[in-house]
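Notes for the one structure printed next.
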């Protein structure tokens, strides 16, 4: 591949989307998080008790149903019932962070999307252990690949990872716990073998190490927590730490600031009426002041339209809007189901070392220049290395990849100068170093499928 530099530069944005979070169990039980993303609009939403709810049904009719037991306040960017995180009136906090190698469990249980899962836990449980006890009661049918970070008043915290279709739970009752965008297991291994950490580095592992190295302290208050989050703050043209949140679990309070409004604001759940006869309320996250007002269909629709535009995802906005505001009916999004499917790519390698760099392109010019609309890096762990892509847009595409066997971010070449350790969809080979044309490599996706790519 002649355009290694271009290929690597394309990957940078994909790799760097991130979040950082920690839990501290001291005089105050605190969970703190930087929300790192490409855009930062959103609402604080008050969710009430006693609501009959059903999951939306992006993936089918076998949806979960429940009645909310507890009120909560959540941080939402994708409309009501689809929070990125929040706290309920019993002190359970549930947050999420990106995890690129997530592959959720498959079973015959009732289904729920990955963000609705957060609302479900806040609606139903007081303790982290209750969430863990019921972890297999639902099947997540997702759009995005994330893992979860939970904490409660009892001093229990947990990271929940879904890897290779299995659930991995790292439950702790210790002084602190940290998570970024690698599994809990892999993060710990890296920390145990790492020595010199660059404090300016913003890799997933290094952010984890920076936080761990700064949390072995006697006490931590709210201001200290924001200062710890600042140590791993992202500030790039394409993505930033748009929100910084500190939950004071014992006092049922949280504090937050945003890029668009850097003043720290405080919200106390004790100031709210969560009774089933009350109404949903909201306050824009980036507003100068916290001002909860009645939450209307138009308010929710506005947020959905903004997010759909930013994320370039097509779904039935009108149907989703009605459902989110009155989630007591089963809604199935036919637009989403007809436009997206799941794609599992299996990269077959001969050498068990390094990383696989891949890019997925549409169109001859993009493929020729390795300009993908989805790109990433996959660590080599076995002869067959799986990459699950949820909600992949249907249509035609082609895949190009190479195996970086010695972790030098370069493509290997043979004695003739021809690139080796490369692979393409349909297992089409290079001829004298020239990649196959797009027509030979392209794949048509009309339903969920598995494809295999052999790296030569």
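The values are calculated or read from the model by the stated rules, or taken from the named source; none is laboratory data. Keep in mind that this is a model prediction, so the values were computed, not measured. Cβ: placed from backbone, ideal geometry, glycine included. Neighbour counts: every protein chain shown.
Here residue 39 fulfils each of the conditions (1) under 22 Å from the mean Cα position of the chain (by Cα); (2) farther than 26 Å from residue 143 by Cβ; (3) at pLDDT below 95 apart from (2).
A quick yes/no check of all residues on (1) in contact with a helix residue (DSSP H, G or I) (Cβ under 8 Å, 6 or more places away or on another chain); (2) more than 30 Å from residue 385 (Cβ to Cβ); (3) buried (at least 22 other Cβ atoms within 10 Å of the Cβ):
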residue	(1), (2), (3)
73	yes, yes, yes
80	yes, yes, yes
88	yes, yes, yes
96	yes, no, yes
101	no, no, yes
104	no, no, no
110	no, yes, no
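Residues being over 17 Å from residue 91 (Cα atoms) and assigned to a helix (DSSP H, G or I): count how many of those fall in segment 118-138. Can you show your working first?
At the first step, the residues of segment 118-138 found to be over 17 Å from residue 91 (Cα atoms) are 133-138.
Among the residues that remain, those that are also assigned to a helix (DSSP H, G or I) are: 133.
Adding up the residues that qualify gives 1.
When the test is whether a residue is buried (at least 16 other Cβ atoms within 10 Å of the Cβ), out of contact with any strand residue (DSSP E or B) (no Cβ under 9 Å at 6 or more places or on another chain) and free of Cβ contacts under 8 Å to residues at least 60 places away in the same chain, residue 320 does not pass it.
So, residue 288, is that one under 23 Å from residue 18 (Cα atoms) and outside any strand (DSSP E or B) or not? Give the derivation first.
Values: under 23 Å from residue 18 (Cα atoms): no; outside any strand (DSSP E or B): yes.
Here the answer is no, as residue 288 does not meet what is asked.
Criterion applied to 262, 278 was being touching a residue at least 12 places away in the same chain (Cβ under 8 Å) and either assigned by TED's automatic domain parsing to the domain that holds residue 85 or in a loop (DSSP other than H, G, I, E, B) (or both), and the one residue passing it is 278.
Within segment 267-284, is there a residue that is surrounded by fewer than 18 Cβ atoms within 10 Å (Cβ to Cβ) and farther than 27 Å from residue 327 by Cβ? No, segment 267-284 has no match at all.
Residue-level analysis places residue 62 among those that are touching a strand residue (DSSP E or B) at 6+ places or on another chain (Cβ under 9 Å) and more than 19 Å from residue 304 (Cβ to Cβ).
Checking the structure you have, find out if any residue of segment 52-61 is within 21 Å of residue 240 (Cβ to Cβ) and at pLDDT below 95. Among the residues of segment 52-61, not one is within 21 Å of residue 240 (Cβ to Cβ) and at pLDDT below 95, which makes the answer no. Of the residues making up segment 174-211, those that are touching a residue at least 24 places away in the same chain (Cβ under 8 Å), out of contact with any helix residue (DSSP H, G or I) (no Cβ under 6 Å at 6 or more places or on another chain) and buried (at least 18 other Cβ atoms within 10 Å of the Cβ) are 176, 177, 179, 183, 184, 202, 204, 207, 211. Please specify each residue of segment 367-396 satisfying the condition of being at pLDDT 90 or above, more than 24 Å from the chain's Cα centre (by Cα) and crowded, with 16+ Cβ neighbours inside 10 Å. Within segment 367-396, just 367 meets the criteria.
Residues checked against (1) surrounded by fewer than 19 Cβ atoms within 10 Å (Cβ to Cβ); (2) modelled with pLDDT of 80 or more:
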{"residue": "401", "(1), (2)": "no, yes"}
{"residue": "404", "(1), (2)": "no, yes"}
{"residue": "416", "(1), (2)": "yes, no"}
{"residue": "426", "(1), (2)": "yes, yes"}
{"residue": "430", "(1), (2)": "yes, no"}
{"residue": "436", "(1), (2)": "no, yes"}
{"residue": "440", "(1), (2)": "yes, yes"}
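Considering (1) touching a strand residue (DSSP E or B) at 6+ places or on another chain (Cβ under 8 Å); (2) surrounded by 19 or more Cβ atoms within 10 Å (Cβ to Cβ), the lone condition that residue 315 does not fulfil carries the number (1).
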